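**Student:** I have a structure I would like to understand better, so I am pasting it below and will then ask my questions one at a time.
Values in this text are rule-based calculations from the coordinates and carry no lab data. Treat the numbers as computed from the prediction; the structure is a model and nothing was measured. Positions of Cβ are generated from backbone atoms using ideal geometry, with glycine treated the same way; all protein chains shown enter the neighbour counts.
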Amino acid sequence: MNLLLSGEGPTDLGVCTNQMSQCDRADFFHGPLAIAVDQIVSLTTGESPLEEGRVFFVSKGRLEQVARGLKSNKKLSRLPGKKSPKETAYFYQNARALAACAIDLEIKTASPVIAVLFRDADGTASTGRGEWNDKFQSMLRGFEAESFHRGVPMIPKPKSEAWLICCFKSHPYQHCQGLEGRSGNDRSPAALKTELKNLLEGAATRVAILKKLETDKIDFTRIGMSSFEAFRARLEDVVRGGL
C-alpha cells in the first residue's frame, strides 16, 4: 500500500525537490506532519511508508490544475446550504483532484493508495471558507464524488502550528485543546506562528522543526486535540480497511 500526500508547504507534509509538482519518495523532502502520518500508519501496520519509500507527493498547484480538468459533478450542488456552506467548495474540489491523482497512481503502481489531503482550517489564506466540520465533510464528499474510498482529510484547527506547539511546549501533550480556539491570523498579538518560533528559539523552518521532533522524540499519537483525533481516526479506519 502506498501513501499519496498533498499539503501547503514544506513545514506541513513536505515538498518535492527542484520545485517539481509531483514526485516519489526519492525526490520528496518530507515535512513534520508526514512523520505524524507515518507514525499512525506504522502503529497500525508495523511498517513505515517513509522508510520503505512508499510515499508519493503532489503539490497544491498541481491539484488546482487537475481540479480545472475535472468534469462538473452533481454532488457539488449539494454543497451550498445551511449544513454545507458554499465556501467549502474549495476543500471539496481539492479532495476530488487528489482522489483523481490517487486513482491514477493506483493504476500505475498496481497497488492500493491512501491519499492524505492537508489544509489549514483557519489560516489567513482560508478566512471565510466555513467552519471546521464543514471543511472536513466537504473533503470526504470530494473523495466520494470520485468513488475513491481511501481519502483522509488532515485539517489542523486552526493551523498546523497548534499541533506542533502541543508537542513542543514545556509540558508536551497536556491541555492542548485550548490551542484550537486560538486565532489562525499570523498578525494576531498571540500568533501561533510566533509562539512556535519562540519554542524553537529561532525560525520555524522545516529543518528546525524536524530536528526538534527528533531531539524530543515526539510521539504525535499522544496529541489530544479534536482536529487531530478526527484525522487520526479516519486514517486508522482507512488503513485497517486496506489490510
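**Student:** For LYS169 and PHE29 in one chain, what is 0.36 nm times their gap in residues minus the Cα-Cα distance, to one decimal in nm?
**Tutor:** Working it through step by step, the gained length comes to 47.9 nm.
**Student:** Find the cysteines in the chain that fail to meet the 4.7 Å Cβ criterion with every other cysteine, and list them.
**Tutor:** CYS101, CYS167
**Student:** Then there is this: What is the distance, in nm, between label points placed 7 Å from the Cα along the Cα-to-Cβ direction at ARG187 and at SER111?
**Tutor:** 4.6
**Student:** Between MET20 and LYS71, 0.36 nm times their residue separation minus their Cα-Cα distance comes to what?
**Tutor:** The span from MET20 to LYS71 would gain 15.8 nm if fully extended.
**Student:** Percent relative contact order of segment 113-243, based on C-alpha pairs within less than 8 angstrom and at least six residues apart?
**Tutor:** 28
**Student:** Dipole magnitude of the chain about its Cα centre, charges +1 at Lys/Arg Cβ and -1 at Asp/Glu Cβ only, in debye to the nearest 20?
**Tutor:** For the chain, the charge dipole is close to 860 debye.
**Student:** Let me ask something additional. Say each of GLU47 and GLU64 gets a label point 7 Å from the Cα, pointing the same way as Cα to Cβ; how far apart are those two points in nm?
**Tutor:** Output for this residue pair reads 3.6 nm.
**Student:** Within the set of other residues whose C-beta is less than 13 Å from the C-beta of ILE35, count the net charge using Lys and Arg as +1 and Asp and Glu as -1.
**Tutor:** -2
**Student:** Grab the beta carbon distance between GLU229 and GLU131, set R0 = 22 Å, and tell me the FRET efficiency rounded to 0.05.
**Tutor:** Efficiency for this residue pair is about 0.80.
**Student:** Right, another one. Which value in deg cm²/dmol, rounded to the nearest 500, describes the helix-derived mean residue ellipticity at 222 nm for the chain, given -39,500 (n - 2.57) per DSSP H run of n ≥ 4 and division by the residue count?
**Tutor:** Taken over the chain, the calculation gives -14000 deg cm²/dmol.
**Student:** Among ALA190, ALA100, ALA204, which one shows the biggest mean-square fluctuation in a GNM of the chain, springs joining Cα atoms closer than 10 Å?
**Tutor:** Per the Cα network of the chain with a 10 Å cutoff, ALA190 tops the list.
**Student:** Are any of the pairs LYS169/LYS211; LYS157/LYS212; LYS60/LYS212 more than 23 Å apart by Cα-Cα distance, and if so, which?
**Tutor:** Over 23 Å Cα-Cα: LYS60/LYS212.
**Student:** So, counting K/R as plus one and D/E as minus one, what does the shell of residues with Cβ under 11 Å around PRO112 add up to?
**Tutor:** +1
**Student:** May I pose another question? So what's the net charge close to ALA162: Lys and Arg +1, Asp and Glu -1, counting the other residues with Cβ under 9 Å from its Cβ?
**Tutor:** Result for the neighbourhood of ALA162: +1.
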